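A quick write-up on the structure given underneath.
Coordinate-derived values only; no laboratory data. Since this is a predicted model, take the numbers as computed values, not measurements. Ideal geometry is used to build each Cβ from the backbone, glycine not excepted, and the neighbour counts take in all protein chains shown.
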Amino acid sequence: PYLFDYAKLPDIFKDIKQKNPDIIILLLNNKNGIEFLKSAKENDLNDKLFLAFLPTTKDLLDEEQNLPKRLIIAAPPADVLGNTTPPAGAFEEFVNKFTSITGNPVTNLELNTYDTVSLIAYAVSKANITNKPESIKEDREKVRKEIWAITNFKSLRGSLEPNGKTGYIDRKYTNLLYINNGRFEFVRDVVI
């Protein structure tokens, strides 16, 4: 894995050429993704297969001729979440804080990370652990049991439910929207 740094792209491309991977996967924002792909083509990586998780924006489509010939675009499940209006709940507050601190919009990656950490913290608070080195195995088991016992955990967007059979955390999204003063808003505990 590499962290995107425009100044370090020549070193990154040199390393990629030495390692000669079959595929290069990009998890970047749209602007950096386009810059990386354009530079990759300019640096003789045009024949590599690229899998880019990017939204298909006008900027990306305008650059088609400048991008590698073997490029697969897999749009993220949701591009940008939230809006720029004053926060009306925990989700909007998180979006605004994250965007103001990082300068980047919130995507599903950040949303899932935040909600998973919140769920684990909740399970730890319920597990009645001693938090001592000699009881670490028992403490871990208590936390594990609490995680799998959680149902309908209220998250920033919808609810989470750990599935002990699959080992995954299932999310039930709040997908219902309504229009309020010309803007889409998520329905949360609202009767329409």
**OP:** Kindly flag which residue pairs out of Lys41/Lys97; Lys38/Lys172; Lys19/Lys58; Lys17/Lys69 have an alpha-carbon separation exceeding 27 Å in this structure.
**Re:** Lys41/Lys97; Lys38/Lys172; Lys19/Lys58
Subject >> Whichever lysines have a C-alpha closer than 29 Å to that of Lys137, once near sequence neighbours (fewer than 8 apart) are set aside >> reply: Lys126, Lys145, Lys154, Lys165
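Just subtract the alpha-carbon distance of Leu61 and Val117 from 0.36 nm times their residue separation and send over the number in nm, one decimal.
So the chain would gain 16.5 nm between Leu61 and Val117.
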**OP:** Determine, from the Cβ-Cβ distance of Val124 and Asp5 and an R0 of 30 Å, the FRET efficiency 1/(1 + (r/R0)^6), rounded to the nearest 0.05.
**Re:** 0.25
